[in-house]
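Below you'll find the structure, written out as structure tokens, and then a few comments.
The values are calculated or read from the model by the stated rules, or taken from the named source; none is laboratory data. What you see is a predicted model; the values in this text were computed from it and never measured. Cβ placement follows ideal geometry from the backbone for every residue including glycine, while neighbour counts extend to all protein chains displayed.
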Amino acid sequence: MNFIFLGPPGAGKGTLAAQVAEEYGIPQISTGDIFRENIKNQTELGKKVKAILDSGGLVSDEVVLEIVEDRLKKDDCKNGFILDGFPRTIPQAEAFEKLGIDVKVVNFEVDNDLIIARLSNRRVCKNCKANYNVKFMPPKVEGKCDKCGGELFTREDDKLESITHRLEVYRKETEPLIEFYKKLGKITDIDSARDSSLVLVDFKKLFPKK
């Protein structure tokens, strides 16, 4: 099965994508990861993206689609995939539709107050990058990682001003995708305001493994 995960930052898309990827044996694909992998491996696409980013430009929808299409041709996508963070805009969605790939769209619903509580309280380990939340999933020792003892810190993205900006960008650019996919009859809403284990149970009922 092929999935597109939609939802604002802090909706729990990444957490569920990792769980679904493991349960269903399909890869979780984010455009950011693809960019980094191509740049690291110095592929032709990677060189193109690096040149754009180095010049301070934005990667065009055409290049993003080219990179995603190339990634979906890899062997690990034969049984399905999860696209997390793509498409971000209507033009990207329209271009992706032209590829003719059968895909199920999952929209993660959560209100702004909970998003802000989740993100503003998130802490990340400087060493192993493990995630914690001082409100919902605190470390055993304040400021220390349970796994490696590393120092926990707040990412710039998780500061209130940045969260507010990210939500504004999402509402303006990405939220219209919900209506786009509703018109195509491809979207399923899921309540992601709950613990991720409960969200996963619902997901498996909605999309049983074949």
**OP:** Kindly list, by first and then second residue, each pair from a residue in region 157-177 that is farther than 9 Å from Ile116 by Cα to a residue that is aliphatic (A, V, I, L, M) and part of a helix (DSSP H, G or I), limited to pairs with Cβ atoms under 7 Å and residues at least 6 apart or on different chains.
**Re:** Leu167/Ile115; Pro176/Ile90; Leu177/Ile90; Leu177/Ala93
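Limited to region 1-46, what total is found for residues that are assigned to a loop (DSSP other than H, G, I, E, B) and under 16 Å from Cys77 (Cβ atoms)?
5
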Subject >> Test set (1) under 26 Å from Val169 (Cα atoms); (2) in a loop (DSSP other than H, G, I, E, B); (3) modelled with pLDDT of 85 or more; (4) not acidic (Asp, Glu) - Asn79 fails condition number >> reply: (1)
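Residue by residue, here is whether (1) over 24 Å from Leu16 (Cβ atoms); (2) over 20 Å from the mean Cα position of the chain (by Cα); (3) in a helix (DSSP H, G or I) holds:
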residue	(1), (2), (3)
Pro87	no, no, no
Asp102	no, no, no
Leu119	no, no, yes
Lys135	no, yes, no
Leu152	no, yes, no
Subject >> Subset of region 23-46 [farther than 30 Å from Pro208 by Cβ and surrounded by 14 or more Cβ atoms within 10 Å (Cβ to Cβ)] >> reply: Phe35, Glu37, Asn38, Ile39, Thr43, Leu45, Gly46
Original post:
Which ones in region 137-150 are modelled with pLDDT of 90 or more, in a strand (DSSP E or B) and closer than 23 Å to Lys13 by Cβ?
Top reply: none
**OP:** Would you mind finding the one in Val59, Val68, Val49, Val64 that is of a type in the set (Val, Ile, Thr) and assigned to a loop (DSSP other than H, G, I, E, B)?
**Re:** Val59
Subject >> Scope region 56-91; condition touching a residue at least 24 places away in the same chain (Cβ under 8 Å), among the small types (Gly, Ala, Ser) and closer than 17 Å to Asp33 by Cα; matching residues >> reply: Gly85
Subject >> Out of Asp111, Asp102, sole residue that is under 20 Å from Gly14 (Cβ atoms) and among the acidic types (Asp, Glu) >> reply: Asp111
Original post:
Of everything in region 121-133 that's outside any strand (DSSP E or B) and of a type outside the set (Gly, Ala, Ser), which residue is nearest to Ser196 (Cα to Cα)?
Top reply: Asn121
**OP:** Would you mind finding the one in Val68, Val20, Val49 that is in contact with a helix residue (DSSP H, G or I) (Cβ under 9 Å, 6 or more places away or on another chain), surrounded by 14 or more Cβ atoms within 10 Å (Cβ to Cβ), on the phi < 0 side of the Ramachandran plot and at pLDDT below 90?
**Re:** Val49
Original post:
Between a first residue in region 18-41 that is basic (Lys, Arg) and a second residue that is surrounded by fewer than 19 Cβ atoms within 10 Å (Cβ to Cβ), which pairs have beta carbons less than 8 Å apart while being 6 or more apart in sequence or on different chains?
Top reply: Lys40/Gly46
**OP:** Hey, can you tell me all the residues within region 97-131 that are in contact with a Leu (Cβ under 7 Å, 6 or more places away or on another chain) and free of Cβ contacts under 8 Å to residues at least 40 places away in the same chain?
**Re:** Arg123, Val124, Cys125
Original post:
Would you say Asp202 is without any contact (Cβ under 8 Å) to a residue 40 or more places away in the chain, more than 16 Å from the chain's Cα centre (by Cα), surrounded by 12 or more Cβ atoms within 10 Å (Cβ to Cβ) and assigned to a helix (DSSP H, G or I)?
Top reply: yes
